[in-house]
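Reviewing the structure listed below.
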Amino acid sequence: MATTTVMATRMELSRLKRKLVTARRGHKMLKDKRDELMRRFLELVKENRELREKVEKSVAAANQNFVLARASMSDEALNNALMAPKQEVTLDATTKNVMSVDVPVFTVKTRTSDPSDIYAYGYAFTSADLDDAVKSLSEILPDLLRLAEIEKSCQLMADAIEETRRRVNALEHVTIPETEELIHSTSVRLRSAS
């Protein structure tokens, strides 16, 4: 199996044994990392599924409110009401390190802190359905951003799990067996030489 030939010396044998110890220690550490990444990944997948269901229901309700508002208002009145938004939202994207994976963290800031400061129109010429639609969309925003954050984190963690799995397999099926075989052949040659 080993394609490498080494000099049959005690110094080389000691070096190979140290290499084997290091490879086994690295193998154990990478397996632990892979297991912890999998645990965190599965937690994120569960949270993602629950949040996605909640967001989809909220978006469907908001769309229904917009349909009702559109039915009770003229297109011109609806367009005029929504033309100039009152609230401004800024998004700061940073990262945090989770098991050597940089996952995104989104922070939302609004121009004003008042949550009811979202209606850019007067109430005289609009329907209550439009108010409900705007309010429901405003309430969905934090969940939508958290969902985007989780989905990107899941994607990055899946890539890290795959990379770690490949390293574990390379150590387990290539490096460690080759080193063990080199140690064995070097030991046999040293015994036969003495």
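Between E172 and D159, full extension at 0.36 nm per residue minus the direct alpha carbon distance yields a gain of 2.7 nm.
Could you compute the FRET efficiency for M99 and V55, with r as their C-beta to C-beta distance and R0 at 41 Å, rounded to 0.05? Step by step, r from the Cβ atoms, then E = 0.95. Normalising the average separation of contacting C-alpha pairs (under 8 angstrom, six or more residues apart) by the number of residues puts the relative contact order of the range 52-194 at 28 percent.
Only lysines eight or more places from K33 in sequence, or on another chain, were considered; those with a Cα closer than 29 Å are K17, K19, K46, K96, K152. Simple rule: put +1 on each Lys or Arg Cβ and -1 on each Asp or Glu Cβ in the range 53-194, find the dipole, and look at V174, M73, S153; the Cα lying farthest toward the positive end is V174. Couplings 3J(HN,Hα) for the range 189-194, derived from phi with the Karplus relation 6.51 cos²θ - 1.76 cosθ + 1.60 (θ = phi - 60°), are 5, 5, 5, 6, 7, 8 Hz, where x marks Gly and Pro.
For the chain, the square roots a ≥ b ≥ c of the C-alpha gyration tensor eigenvalues yield an a/c of 1.5 or more together with a/b exceeding b/c, which makes the shape prolate. Exposure here means at most 16 other Cβ atoms within 10 Å; with trypsin sites (Lys or Arg not before Pro) in a DSSP loop as sites, the longest stretch of the chain lacking them is 1-85.
Along the range 97-102 the Karplus relation, 6.51 cos²θ - 1.76 cosθ + 1.60 evaluated at θ = phi - 60°, assigns HN-Hα couplings of 8, 10, 6, 6, 10, 7 Hz to successive residues, with x for each Gly and Pro. By the rule of a C-alpha distance below 14 Å, with chain neighbours fewer than 8 residues away ignored, the aspartates and glutamates paired with K86 are D114, D117, D131. With both labels modelled 7 Å from their Cα along Cα-to-Cβ, the D35 to N63 distance reads 4.4 nm.
All of the numbers you see were taken from the coordinates with simple rules; none came from a lab. Fair warning: this is a prediction, and the values are worked out from it, not measured in the lab. Positions of Cβ are generated from backbone atoms using ideal geometry, with glycine treated the same way; all protein chains shown enter the neighbour counts.
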